[in-house]
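Every read-out reported here was derived from the displayed coordinates using simple, explicitly stated rules and does not represent laboratory data. Bear in mind that the values here come from a model prediction, so they are computed numbers and not experimental data. Ideal geometry is used to build each Cβ from the backbone, glycine not excepted, and the neighbour counts take in all protein chains shown.
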Amino acid sequence: MLLGLQVTGVTPDPHPTPDVDETMLWLTDRAPDVRTAVLVLGRYPHEQREHRLPLRRVDLRRTNFYYGTLIKVDLGDSNLAGSAAAGVHWEKCRFWNTDLRKTQFKGAILNQSEFIGAHLHGANLPGASLREADLTDASLRRANLRNADLRGAKLRRTDLRGADLSGARLLGAQLADVRADHDTKWPAGFTATQQA
């Protein structure tokens, strides 16, 4: 039962797990029916007034999303560590406090214009590949982006207040009008004048 969170038959490991197990089988091999259900339910077109599909606190480590589209899915407090999400369009999705360590987001679209887009408030993204991802207007408040690859990412008007970008690669990132504060940690050698 997917919505009852009996994804693996046991409760997920503590969130976040101490390390990302890159030897773990892909979800396609561990629980192919669960992976299919997530992708099918995630594509269901919702009306504006409808609530998000609640997939909170689920163990979806090492999921391959195959350049798909997910609409209004709430993945808050879930574990997606080590997943492959390159080119995925996350429309109106929520990732509050989600473990996204070592997840590949190259070319993914996680933008929000007005009410559209993904919320990554407090997301755990150390070492994640967000290269060329569109994070325009996204909320990355208090997100852990240590050593993340943000080369060429669109971070226009992104909320980075309290975010930790220590060691992040920002070459070619579009940082116009980002929101930062004294708690924002930038990579060594990065200065506030480089935000424009």
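Assuming a ≥ b ≥ c are the square roots of the Cα gyration tensor eigenvalues, decide whether the range 116-196 counts as rounded (a/c under 1.5), prolate (otherwise, with a/b larger than b/c) or oblate.
It comes out rounded by the Cα gyration axes.
May I ask for the distance between the Cα centers of the range 23-89 and the range 131-153, given as a whole number of Å?
First find each Cα centre; the distance between them is then 19 Å.
Using a basic spin-label model with each label point 7 Å from the Cα along Cα→Cβ, how many nm lie between Arg151 and Phe190?
Each label point is offset 7 Å from its Cα along the Cβ direction, giving 1.5 nm.
Starting from the 7 Å offset along Cα-to-Cβ, what nm value, one decimal, do you get for the label separation of Leu39 and Tyr66?
0.3
Points 7 angstrom from Cα along the Cβ direction at Thr17 and Arg52: gap in nanometres?
For the pair Thr17/Arg52, the computed spacing is 2.3 nm.
If amide H atoms are built 1.01 Å from N in the plane of the peptide, which residues on other chains or at least 5 residues away come under 5 Å of the amide H of Lys72?
Those qualifying (amide H under 5 Å, at least 5 residues apart or on another chain) are Glu91, Lys92, Cys93.
Return Asp74, Asp181 ranked ascending by Cβ neighbour count within 10 Å, so the fewest neighbours appear first.
Ranked by crowding around the Cβ, least crowded first: Asp181, Asp74.
Of the peptides 123-132, 164-173, how do they stack up when ordered by the mean number of other Cβ atoms within 10 Å, highest first?
Peptide ranking by packing, descending: 123-132, 164-173.
Around Ala180, what is the net charge, scoring Lys/Arg as +1 and Asp/Glu as -1 over all other residues with Cβ under 14 Å from its Cβ?
+2
Amide H neighbours of Lys185 under 5 Å, counting only residues 5+ apart in sequence or on other chains, H built in-plane at 1.01 Å?
Amide H neighbours of Lys185, under 5 Å, 5+ apart: Ala163, Asp164, Leu165.
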